[in-house]
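Here's the structure we're looking at; comments come further down.
The values are calculated or read from the model by the stated rules, or taken from the named source; none is laboratory data. Fair warning: this is a prediction, and the values are worked out from it, not measured in the lab. Here the Cβ positions follow ideal geometry from the backbone for every residue, glycine too, while neighbour counts run over all protein chains shown.
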Amino acid sequence: MELRQLKTFQTVARLMSFNRAAKILNYSQSAISTQISLLEQELDVKLFNRLGNRICLTEAGRMLVGYSQKLLDIEQETLSKVSGKEEPQGSISIRIPQSIATYLLPSVLSKFQARYPKVGFDVSTCAYEALIHETKTGITDLAFLLADSIPFPELKTEVLRFERLVLVASPDHPLSALSSMQISDLAGQTILLPKHDCSYKMTFQQALAEGKAAPARFIELNSIEAIKQCVFKGIGVAMFPLLAIREELAQQTMTILPWPDDPLETGILMIWHKDKWLSPVLKDFMETVREVL
């Protein structure tokens with residue numbers, strides 16, 4: 001069993017595609033197939049089920065994902081410890097909510113890349129349901145969520161800080177004229193929600209359900225900016241982390257509605273798999289995140 005084969009297997013398992021793995025690794029597709037076939041022969045198991053043009057991991061394949069990642073982590077650690085002369089390179093893969101990526105991450109990257117100019121980043125929106133799989137397989141090195149906690153013992157979490165959540169509307173919206181309000185005042189309103197900004201959406205929906213405030217409709221949008229534009233047009237009300245709308249509040253293009261209960265807040269969590277080997281570069285990035293946030 002060669003590390004080269006394990007790297008190929010990890011790439012195919014991550015992308016679920018022999019063709020895409022070949023393009024990334026600069027191999028021919030036949031070379032990828034040969035390496036996987038030799039690995040299957042040596043282990044005497046099937047690692048992938050072929051379903052027409054699609055593939056999926058077998059149980060043995062899922063098991064090898066975890067073990068092969070450990071071996072590749074050891075290789076990376078060895079290279080880092082033994083030959084630490086070269087300037088660090090590579091890429092850090094991050095899952096992060098739009099609001100944090102837009103309003104906090106640039107400051108982190110600016111500070112970090114001043115020290116590590118050759119380290120790249122692959123940044124995607126958060127995917128709560130896929131966290132365990134993606135951190136375990138190495139698809140994601142580090143994740144961030146807007147949540148107070150997560151119920152996954154396989155993952156390590158660190159609360160970086162707490163962020164206030166606010167309910168907002170256009171200054172011309174009827175609710176903006178209220179000096180106080182009840183959750184029931186949201187009944188019949190259009191509620192604008194983010195598709196990918198994590199658990200504060202669930203917090204808001206739970207509050208509406210507990211207050212028996214049935215909205216006229218929910219509109220879910222992929223973009224924080226799209227939600228803002230809908231608020232500006234008076235289409236509905238939305239909940240945001242305060243950090244995402246400071247400029248709009250200063251320009252008075254949005255109004256904070258008087259939430260009837262205690263102020264809402266959410267934690268900003270930094271998350272990684274408990275078995276993840278933290279390279280010196282990744283450790284430094286995590287420390288930079290702590291410094292900035």
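Quick notes on this one:
- Boolean, Ala250 is loosely packed, with under 14 Cβ neighbours inside 10 Å, among the hydrophobic types (A, V, I, L, M, F, W, C) and either within 19 Å of Glu163 (Cα to Cα) or modelled with pLDDT of 95 or more (or both): yes
- In segment 203-224, residue modelled with the highest pLDDT [restricted to those that are in contact with a helix residue (DSSP H, G or I) (Cβ under 9 Å, 6 or more places away or on another chain) and not in a loop (DSSP other than H, G, I, E, B)]: Ile219
- The one condition in (1) farther than 19 Å from Met16 by Cβ; (2) of a type in the set (Gly, Ala, Ser); (3) in contact with a Leu (Cβ under 8 Å, 6 or more places away or on another chain) that Ala114 fails to fulfil: (3)
Residues are listed down the side, and each one gets a yes or a no for (1) more than 17 Å from Thr137 (Cα to Cα); (2) over 26 Å from the mean Cα position of the chain (by Cα); (3) polar (S, T, N, Q); (4) assigned to a loop (DSSP other than H, G, I, E, B):
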| position | (1), (2), (3), (4) |
| --- | --- |
| Phe9 | no, no, no, no |
| Arg20 | yes, no, no, no |
| Thr34 | yes, yes, yes, no |
| Asn49 | yes, yes, yes, no |
| Met63 | no, no, no, no |
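- Every residue from segment 141-188 that is part of a strand (DSSP E or B), aromatic (Phe, Trp, Tyr) and surrounded by 14 or more Cβ atoms within 10 Å (Cβ to Cβ): Phe144
- Flag if Lys118 is in contact with a Ser or Thr (Cβ under 9 Å, 6 or more places away or on another chain) and over 21 Å from Thr8 (Cα atoms): no
- Between Thr102, Thr11, Thr34, the distinction of being over 30 Å from Leu242 (Cα atoms) and touching a residue at least 12 places away in the same chain (Cβ under 8 Å) belongs to Thr11 only.
- Filtered by the rule that a residue be of a type in the set (Val, Ile, Thr) and within 27 Å of the chain's Cα centre (by Cα), segment 239-255 gives a lone residue, Ile245.
- Against the conditions (1) over 27 Å from Ile150 (Cα atoms); (2) touching a helix residue (DSSP H, G or I) at 6+ places or on another chain (Cβ under 9 Å), Ala244 satisfies every one except (1).
- Any hit, segment 33-47, residues being surrounded by 14 or more Cβ atoms within 10 Å (Cβ to Cβ), out of contact with any Lys or Arg (no Cβ under 7 Å at 6 or more places or on another chain) and acidic (Asp, Glu): no
- Here Trp259 clears all of (1) over 13 Å from Gln98 (Cβ atoms); (2) within 23 Å of the chain's Cα centre (by Cα); (3) of a type in the set (Phe, Trp, Tyr) except the condition numbered (2).
- Selection within segment 65-84 - more than 12 Å from Ala13 (Cα to Cα), among the aliphatic types (A, V, I, L, M) and under 31 Å from the mean Cα position of the chain (by Cα): Leu71, Leu72, Ile74, Leu79
- No other residue among Leu282, Leu243, Leu249 is assigned to a helix (DSSP H, G or I) and out of contact with any Phe, Trp or Tyr (no Cβ under 9 Å at 6 or more places or on another chain) apart from Leu249.
- Yes/no for Ile100 being at pLDDT below 85 and assigned to a helix (DSSP H, G or I): no
- Any hit, segment 261-271, residues being of a type in the set (A, V, I, L, M, F, W, C) and over 30 Å from Lys156 (Cα atoms): no
- The residue that is surrounded by the most Cβ atoms within 10 Å (Cβ to Cβ), among those in segment 205-237 that are touching a residue at least 60 places away in the same chain (Cβ under 8 Å) and more than 17 Å from Gln252 (Cα to Cα), is Ile224.
- Flag for Ile191 being part of a strand (DSSP E or B), free of Cβ contacts under 8 Å to residues at least 60 places away in the same chain, farther than 20 Å from Ile100 by Cα and not acidic (Asp, Glu): yes
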